1. Which part of the stretch A:160-180 falls in the paramagnetic zone of A:Lys241, meaning amide N under 18 Å from the point 7 Å along Cα-to-beta-carbon?
2. Charges at C-beta only: +1 for Lys and Arg, -1 for Asp and Glu. How large is the resulting dipole of chain A about its Cα centre, in Debye rounded to 20?
3. Give the relative contact order (percent, whole number) for the stretch A:155-305; include only Cα pairs under 8 Å separated by 6+ residues.
4. Could you check the simple spin-label distance between B:Ala43 and A:Glu468, using points 7 Å along Cα→Cβ, in nm with one decimal?
5. Work out the length of the dipole vector of chain B about its Cα centre, built from +1 on the beta-carbon of each Lys and Arg and -1 on the beta-carbon of each Asp and Glu, and round it to the nearest 20 debye.
6. State the extension gain, in nm to one decimal, for the chain segment bounded by A:Asp366 and A:Ser25, taking 0.36 nm per residue of separation less the distance between their alpha-carbons.
7. Give, in nm to one decimal, the length gained when the segment between B:Arg35 and B:Ile105 is fully stretched (0.36 nm per residue of separation minus the Cα-Cα distance).
8. Would you calculate the separation in nanometres between label points at B:Gln68 and B:Phe151, each defined as 7 Å from the Cα along the Cα-to-beta-carbon direction?
Amino acid sequence: MEESNSNPMMNSVVLRNIFEMIPISDLKSCRQVCKPWYEESLTRWRRDMWLKLQEENSSNDALTLTNFLELSKANDSISDPSSIEKGTFKKFKLQGWHFNSENDELKTRFLKTYGPVMTHLEIEQSVFDSREDFESVVFQSFPKLQSLSLNGNSYKVTEEQIKIVPPINDVLSNANKMSSVKDLQLNLWTHDGAASFPLSYLEFFANYPNLKNLKLCRFPWRIPNELNLENLLRAMLTLSKNGGYSWALENFATFHMYGYSYSQVISLLPQLQFPLISLTLDIGCNTRPSDFKMILKTYANTLRKLVVYGSGHSLKLIEDNPDFRIGVQLKSLTELRLFETAASLNLNFLQFMPNLRSLFLVKEIDSTMLNAAPFLSDPDLLRDLHNRQKEYDSGNPIAVYPIPNTDFSQLRNTVLPGMEELVVFGKNNKVCTAKQIAALSRMMPNLKRLRVGLENDGFRVVCNAWKELEVLIIQPCEVNNSGITGTIPGLPIQLPNLYDLTRLRYFIKDTTAPVPPCTRCSRITDEALWQCTRRSPPPFPDVRDWYSEMF
Amino acid sequence: MALVRVISSDGAAFLVSQRLAKRSGKLKTEIETFRKSSDNSEAQPEIRIVTIRAEILRLVLQWLQQHQNDPVLPANQNEQDGRGDAEMGQSQWDRDFLAPMDLGIVMELILAANHLEVKGLLDITCKLVESKITGRTVDEIRTAFKLKSDFKGNEEEQTRLENRWCVEN
């Protein structure tokens, strides 16, 4: 046996392969098992993980720049985060740094050593003393950077200084057009409640001609004029019209937009011609239906994924037009996520999305949903939603429920053959009626993953219509044992029941623990189901055989 | 049909079609090398695999046979997130195939799949072992796989700290 050891779990080939696929939370445990496991974990650890580095110690757990440089100097392999054979960290989060023109030996050494290899960088809650400090660090120290995030930093630059925009030719000649940065994330909002930026958007974006992903956080209406979203897009437009830039943006995202209405930017978006594949839009509470529609129209031909957050207590979209149905053909769209108040829309829009495969309408997220996330598509997005919730409460929920408010008669000619996943959740959601479920099943015959509120009759329709279901989460749940087992006391008949869903891998009702799948085949066995329904096994040997004879 | 003799470390010979054998990256290279060095284009290649015993080689070939019509996955596909890949690719046949095996055999299969460059088999076998690790504490992992901590001094504490310094995204 190659590279054998008495214990195969010490074999580096075995370990390396397993560590490549294991979730990070488990990799953390694995690294603490023994030294060989720690060593084998390093390749993936240093490739995938971000190292948080503070300039000064603000808590006992934090790694400071001084400590980090000392550790990387030491030869002891276990404490050497830069030992070459296992690769070196390439993703850094710098927190609470102070960049100034004073010659700081430690910072210079760090930037010289790690700047050239760094691929991902986030600078968070840090201070730049001047525009020059910002430029020398951000534009010049990281030649291989692919991803840059500027998050809540303070820049000691006055609003007046940003207003001075040099002529476009000067901007172009000073810019680094070779930049490899593809992902850019900007959050201009600092802890003290002010927004600032060290230079004009024109000069800044001139340095990032190859952007593919742009994520903007907290660009609401109160931001100083020079820094608002409109000006940012206008700067990009100037660069494309007068500077020869051709923006190949594939993902565009806005977050935490609260009361922003987008009416100022809808005329700019079509001119920018971003070939967007994915759009994430926080529509806040003030976006008007017509503006929202215009934005979607701009990307109707290319958009495959649309994520909409409604970070407010109300939604103008619905208040102005309770029957809002988007009204734009989105033929390429396969994934749609409507979160927070945006999850209050009805499903009438489905007629415009013939190729949809996965739809989430999630107003808020609870622990059951979080636990189920790995069994659904987009677990990361659901975790993000959960983190957002911690930040602010969605508050006064709008009493509009997507399925009950859907006009299914409008959808009678709509069939979505590709639809595999439907996830609907809101704390106050009602259970769906059998009629609604029947309408859904006609529209989405090939569903594999479903989360919805059900009672007995609706549940029976689910069991009869979607035999291919692999994941079923019922919440709220008014299905009782009679519903689950398809039996009615005193009557010798068997109605459609849980045992018809032979492909089920994950099943949970309400907030009870999920039924454990078989460890060997990863499906849920009849035995496990019987235990969950707390009933003795049926008098007949196999429910399924009996049931099939009946029909 | 062009055939190839694949011989295990303990001398058992398996006669398989070259088309099937070429589903393994390693065997494909070996067959091509043989073709280049051989004058007779009709000669039957013979490949000795000195690291894999007959029982394991039979299992690999059995798996290849079952999956001979699958699209070939590039070796580096899904490096960032091998999970989805393995999960999606695992059929009922795969589950039944792995079900009777003890952990030792699975380990040998991992090594064999790695050596013979059979990505799909490597994925499902690693996934099986991974499922025995996930959700367990450090001590539970040590007990399950009969491992002992060999950290010295503050090394274990250092590792714990390092876990806290690093984040996934």
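1. Label zone hits: A:165-172.
2. Taking the Cα centre of chain A as origin, the dipole is about 1340 debye.
3. 20 percent
4. Modelled inter-label distance: 5.1 nm.
5. 380 debye
6. 120.7 nm
7. 21.9 nm
8. Reported label-point gap for B:Gln68 and B:Phe151 is 5.0 nm.
The values are calculated or read from the model by the stated rules, or taken from the named source; none is laboratory data. It should be emphasised that the depicted structure is a prediction, and the values quoted were computed from it without experimental measurement. Cβ atoms come from the backbone with ideal geometry, glycine included; neighbour counts cover every protein chain shown. Keep in mind that these areas ignore ligands, DNA and RNA; they rest on the heavy atoms of the full protein, side chains included. Shrake-Rupley method; radii C 1.70, N 1.55, O 1.52, S 1.80 Å.
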